[in-house]
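The values are calculated or read from the model by the stated rules, or taken from the named source; none is laboratory data. Only a predicted model underlies this, so the values are computations on that prediction, with no experimental measurement involved. A quick note on method: Cβ atoms are made from the backbone with ideal geometry, for glycine too, and the neighbour counts reach across all protein chains shown.
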Amino acid sequence: MKKVVNCFTTIVVVGLTLIMLLPLAYMLIVSLQKTYSPYLISFDVTTYTFDNYLKIFEISGFSRWLENSIFVSVSGVILTLCVCSLAAFAFAKKRFPGNDRLFFVFFLTMCIPFPATVVPLWLMTGWAGMIDTFWPLILPIPSMLGVVLIRQAILSVPKEMFECARLDGCNDFRIFAKIVTPIIRPILITVGILYFSRSWNSLLWPLIVSNTDMTKTLPVGLAAIQGTTDVNYGITMAGAMMNFLPPFLVYIFMHRYFLAGITGNGLKN
């Protein structure tokens, strides 16, 4: 009976995996051929070509979109790690009036969907004169999710380590930089990967605040390509593959730390 259950479980898992990989396989196959219909695709591998990946760079603005996405995502990750880690340290180890209540109020903001904040955020951005600049693309990236994840990791650090550091004369900044940061490195990398992927794939907000190629990110630029007539879906899918690869490669190279952070094994690495 146990073997039957294991066999059934394996079949279900493999089936679900194949279903999840179908969009990726479709995107890859279409990117290797020239087609003006998303439904007319060929499975003849002899007709496949990498010309679409060369032509995508010939599109006016594509290189700029790619550079913008890299700049915004990397800057957003750096800002997120700085802001969220410092806030998490304060909520985890500093005691001040209303600490828990303030954290609870901030925690509730995670229940607010981002589309609900788009209009007031856009009005504030326009009032500050930052429309079509990089500031509104980078500044909203940090969120309470990063604070929550990092705070939980800091709470797992033995309090004896903090007490010993204070006896040795370390101030809060040295404790955070020399003790806390190296210990919680896996969760910092996890948060970095999560926010890099989220920032890289963001479409709604960049679409609203980016009006020119100088600030458009790659997803916004690809959306503009799809809005034209006589779309070569091979080029579109080649651009989609280019958009998919950076977060995927970041995860591949950092997956060990990502899994350690997710499973709460940061103190063991």
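Details
- Residue count for the stretch 6-42 under the criterion of being in contact (Cβ under 8 Å) with a residue 24 or more places away in the chain and among the small types (Gly, Ala, Ser): the result is 2.
- With respect to the stated conditions, Ile252 fails to be part of a helix (DSSP H, G or I), crowded, with 20+ Cβ neighbours inside 10 Å and at pLDDT 85 or above.
- Number of the exception - Gly169 against (1) assigned to a helix (DSSP H, G or I); (2) over 19 Å from the mean Cα position of the chain (by Cα); (3) surrounded by fewer than 21 Cβ atoms within 10 Å (Cβ to Cβ): (1)
- Some residue of the stretch 128-140 being farther than 25 Å from Asp213 by Cβ, touching a residue at least 40 places away in the same chain (Cβ under 8 Å) and not aromatic (Phe, Trp, Tyr): no
- With respect to being of a type in the set (A, V, I, L, M, F, W, C), without any contact (Cβ under 8 Å) to a residue 40 or more places away in the chain and more than 22 Å from Tyr48 (Cβ to Cβ), Ile187 falls outside the description.
- Helices (runs of 4 or more DSSP H) lying entirely in the stretch 60-162 (those with 2 or more residues that are within 21 Å of Thr181 (Cβ to Cβ)): 62-93, 144-155
- Leu40 fulfils the conditions (1) in contact with a helix residue (DSSP H, G or I) (Cβ under 8 Å, 6 or more places away or on another chain); (2) at pLDDT below 90; (3) among the aliphatic types (A, V, I, L, M) except for a single criterion, (1).
- Residue in the stretch 105-125 that is without any contact (Cβ under 8 Å) to a residue 60 or more places away in the chain, more than 27 Å from Pro206 (Cβ to Cβ) and of a type outside the set (D, E, K, R) present: yes
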